[in-house]
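To start, the structure itself, in structure tokens.
The values are calculated or read from the model by the stated rules, or taken from the named source; none is laboratory data. Nothing here was measured: the structure is a model prediction, and the numbers come from that model. Ideal geometry is used to build each Cβ from the backbone, glycine not excepted, and the neighbour counts take in all protein chains shown. Remember, those area values only see protein heavy atoms, side chains included, never the ligands or the DNA or RNA. Shrake-Rupley method; radii C 1.70, N 1.55, O 1.52, S 1.80 Å.
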Amino acid sequence: MTTTNVSTDAGFTKQQQSYLQGFVMGADVARAVRGLPVLSGSAHGNGNGNGRGATIQIGPSPATEPSPAGPESIHFEAQNRFLAAGKKLCPEEQAKRVKNPLDMWDEIRANAVQEKYPKGTDVLLYKFHGLFYVAPAQNAFMCRLRIPGGAFKSQQLRSVADLAQAYGGGYTDVTTRANLQIREIAAKDAIHVLTGLQECGIVSRGSGADNIRNVTASPTSGFDRQELIETLPLAKEMHHYILNHREMYGLPRKFNIAFDGGGTISALEDTNDIGFTAVEVTNEKATGDLPAGIYFQLCLGGITGHKDFARPTGVLLKPEQCVPVAAAIVRVFIAHGDRTDRHKARLKYVLDDWGFEKFLTETEKEYAKSLPRSPLDLCSQRPPVDRQAHVDFHLQKQSGVHYVGVVLPVGRLSFDQMHALADIADRFGRGELRLTVWQNLLIPHIAENDVDDVKHALEAIGLDWQATSVRAGLVACTGNTGCKFSAANTKGQAMILARYLEARITLDQPVNIHLTGCPHSCAQHYIGDIGLLATKVEVGEDMVEGYHIHVGGGYGDDREIGREIFPSVGFDDVPPLVERILQVYLERRASPEESFASFTRRQDIAQLKEMVEQLEPIV
Ligand code: SF4
């Protein structure tokens, strides 16, 4: 056995040591993959002199090793605490420790030249650049962009359309984070998409993996008639903060931030890890410590896939405090989020473990100031949302102009439609477009006289501005045509379901139907009036695509996690069963004003199920 001791005594600087540790760890991973003994010390399993190959001991063991210089050192220090406690980092944390994903440009480029897709944990690391290798669903990359607040310019939409046409499938999908995805990108073209996006002023860095995802805001920010404050500037400020702080990447797990300004369309901020909700303190309720004005209520811990909403912390912030406080919260999460178990690595679990007060105390240390707590009853209620305000024409706060909410069935846009929408925004608006979390798109600043022309222009490209209650609230995740996690073709089946229901039932109240392909819950099935979670269902000797059906979910003032009513229903039976559920609602609701959510929530779930099953056959 050969042991080489390289330590500070050997004259290496701290930085050189750090580099060598990184080198040895990288070599260890490569050797481990090939089944060879590792080189480094005990934390990597071979510092015990058992004769299984050479050992290079560099300073202290990796469990207590100094972190590399630079802002990302806080991640290493967090990992070191788990190692020092004798715990094992999960494979994703080990991969991030060995290779900083932000420094992979040359590797991504070289792989593109060789037409190679990533393998193993590199699939995760590529997502730091917005590149998702989605095999086996598609042997291709999906590229997810970052569009803060969902706001972009017509020229950017044309550029994204051209990239999708040249290097992808010729279409984009609007996501539930008011964002766009390009699909079907070949290995050789990944680099062209990344450079093309950057050239048109769009970045994709951090849109996937363990990062802060696209920062959302109220989609009508700046032109909403009832908003308390514009939130788009805050979403952009947060976005640029993230882009310019390396330590904001590589969190224990993904992280969501949203700003709601009290407008007609909800930003769904209570489904985010950090939700900022605008509230007003009026003159009547103002105090010496809390002058009248607009504040943001800080809410934490939303993750509806784990059946939790962001809850108010009692902290009220001035608008200019939001971004620095969010950064402090992220730093606390970096330091204390779980690095050993991916299922427990979300902010919710730190909050569950500590409680809000301890978490806020730690945040105050990072923020270096106290966070002002104020009784919630000093704030007036948020103005109500209009569940149909994301479709159709609506007056803006600027006189004589409208925005139009364009209906995009399950969020898909073709190359031609993207170009045509950009042209409409230029010709009839100010060249601005907004995406919403409802997977559709708004074009603002349309003059009264131009409304009919815009309608004709939308019809000409096969799009609509009106939607039935079913279609307006239809949300579907990617599904198994593009995501390997999905148990069903959510987008395709959402359209079949919508067509079936539209032909057979008329709803006079909004009813949101959310279809999600797996428990990751990208389409947030637990907050839909009707939520469908895909699963495989045994039918005879076959396993077919199907869904667990939930009812009664909601968000905002009406927030509630939906309850399962029918588990494991094969998709062929889903449309007639959903129709029966809706029929029971229409027949038995207390009044025409009663919402679907209110009706289903006041029923015992077993009794509701019985009502649906006993309904006379619908012909
Ligand atoms: Fe994929 Fe699951 Fe997200 Fe659907 S919910 S897009 S199946 S990860």
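All but one of (1) within 15 Å of the ligand (Cβ to nearest atom); (2) surrounded by fewer than 24 Cβ atoms within 10 Å (Cβ to Cβ); (3) in contact (Cβ under 8 Å) with a residue 40 or more places away in the chain hold for Ile561; which doesn't? In the conditions (1) within 15 Å of the ligand (Cβ to nearest atom); (2) surrounded by fewer than 24 Cβ atoms within 10 Å (Cβ to Cβ); (3) in contact (Cβ under 8 Å) with a residue 40 or more places away in the chain, Ile561 misses (1) alone. Taken over region 397-410, the criterion of being open to solvent by less than 50 Å² (accessible area, probe 1.4 Å), more than 16 Å from Leu441 (Cβ to Cβ) and not in a strand (DSSP E or B) is satisfied by Gly400 alone. Filtering region 190-205 to residues that are open to solvent by 30 Å² or more (accessible area, probe 1.4 Å) and either under 23 Å from the mean Cα position of the chain (by Cα) or of a type in the set (S, T, N, Q) (or both) leaves Thr195, Gln198, Gly201, Val203, Arg205. Would it be correct to say that Ala112 is within 26 Å of Leu408 (Cα to Cα), in a helix (DSSP H, G or I) and touching a residue at least 40 places away in the same chain (Cβ under 8 Å)? So Ala112 does not fit the description; no.
Contact annotation: residue pairs with Cβ atoms under 7 Å, 6 or more positions apart or on different chains, pairing a residue in region 521-541 that is without any contact (Cβ under 8 Å) to a residue 60 or more places away in the chain with a partner that is within 9 Å of the ligand (Cβ to nearest atom) and part of a helix (DSSP H, G or I), are Gly531/His525; Leu532/His525; Leu533/His525; Ala534/Thr490.
Just one residue in the set His239, His245 is open to solvent by 30 Å² or more (accessible area, probe 1.4 Å) and not basic (Lys, Arg); that residue is His245. Only residues that are over 11 Å from Pro372 (Cα atoms) and open to solvent by less than 10 Å² (accessible area, probe 1.4 Å) were counted across region 304-323, and they come to 4. Condition check for Ala472 on (1) open to solvent by less than 20 Å² (accessible area, probe 1.4 Å); (2) over 26 Å from Gln583 (Cα atoms); (3) more than 16 Å from the ligand (Cβ to nearest atom): one failure, at (2).
Give me the pairs: first residue in region 467-482 and of a type in the set (Lys, Arg), second residue open to solvent by 10 Å² or more (accessible area, probe 1.4 Å) and within 15 Å of the ligand (Cβ to nearest atom), beta-carbon distance under 6 Å, and six or more apart or on different chains, which are they? Listed by first residue and then by second, the contacts come to nothing, as the list is empty.
If I filter region 55-73 for residues that are in a helix (DSSP H, G or I), under 17 Å from Leu251 (Cα atoms) and at pLDDT below 95, do I get at least one hit? There is at least one residue in region 55-73 that is in a helix (DSSP H, G or I), under 17 Å from Leu251 (Cα atoms) and at pLDDT below 95. Within region 475-489, the residues that satisfy the criterion of being open to solvent by less than 10 Å² (accessible area, probe 1.4 Å) and either within 21 Å of Glu502 (Cβ to Cβ) or more than 8 Å from the ligand (Cβ to nearest atom) (or both) are Val475, Ala476, Gly479, Ala488.
Of all the listed residues (Val537, Val578), the sole one being in contact with a Gly (Cβ under 6 Å, 6 or more places away or on another chain) and either in a strand (DSSP E or B) or open to solvent by less than 10 Å² (accessible area, probe 1.4 Å) (or both) is Val537.
Of all the criteria given as (1) touching a His at 6+ places or on another chain (Cβ under 8 Å); (2) closer than 19 Å to Pro219 by Cα; (3) within 16 Å of the ligand (Cβ to nearest atom), the one not satisfied by Arg412 is (1). When region 411-427 is limited to residues that are under 26 Å from the mean Cα position of the chain (by Cα) and open to solvent by less than 10 Å² (accessible area, probe 1.4 Å), the one that is modelled with the lowest pLDDT turns out to be Gly411. Taken together, the residues in region 552-572 that are closer than 18 Å to Gln493 by Cα and β-branched (Val, Ile, Thr) amount to 1. Once region 224-236 is narrowed to residues that are assigned to a helix (DSSP H, G or I) and in contact with a strand residue (DSSP E or B) (Cβ under 6 Å, 6 or more places away or on another chain), the residue that is surrounded by the fewest Cβ atoms within 10 Å (Cβ to Cβ) is Leu232. Scanning region 499-526 for residues that are more than 20 Å from the chain's Cα centre (by Cα) and buried (at least 22 other Cβ atoms within 10 Å of the Cβ) gives Leu501, Val511.
Residues in region 601-612 that are assigned to a helix (DSSP H, G or I) and out of contact with any Lys or Arg (no Cβ under 8 Å at 6 or more places or on another chain): Arg601, Ala606, Gln607, Leu608, Lys609, Glu610.
Whenever a residue of region 376-399 is acidic (Asp, Glu), its partners that are part of a loop (DSSP other than H, G, I, E, B), lying with C-beta atoms within less than 7 angstrom and at least six residues away or across chains, give the pairs Asp386/Thr264; Asp392/Trp465; Asp392/Gln466.
Tally up the residues in region 581-600 that are assigned to a helix (DSSP H, G or I) and open to solvent by 10 Å² or more (accessible area, probe 1.4 Å), please.
Adding up the residues that qualify gives 5.
Residue-by-condition table, conditions (1) closer than 23 Å to Thr175 by Cβ; (2) among the aliphatic types (A, V, I, L, M):
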residue: Val451; (1), (2): no, yes
residue: Glu459; (1), (2): no, no
residue: Cys483; (1), (2): yes, no
residue: Ser486; (1), (2): yes, no
residue: His520; (1), (2): yes, no
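Sort out which residues of region 542-558 are free of Cβ contacts under 8 Å to residues at least 60 places away in the same chain, away from the ligand (no atom under 16 Å from the Cβ) and surrounded by fewer than 20 Cβ atoms within 10 Å (Cβ to Cβ), and write them in order of number. Those that are free of Cβ contacts under 8 Å to residues at least 60 places away in the same chain, away from the ligand (no atom under 16 Å from the Cβ) and surrounded by fewer than 20 Cβ atoms within 10 Å (Cβ to Cβ): Asp542, Met543, Val544, Asp558.
Against the conditions (1) open to solvent by 10 Å² or more (accessible area, probe 1.4 Å); (2) modelled with pLDDT of 95 or more, Val437 satisfies every one except (2).
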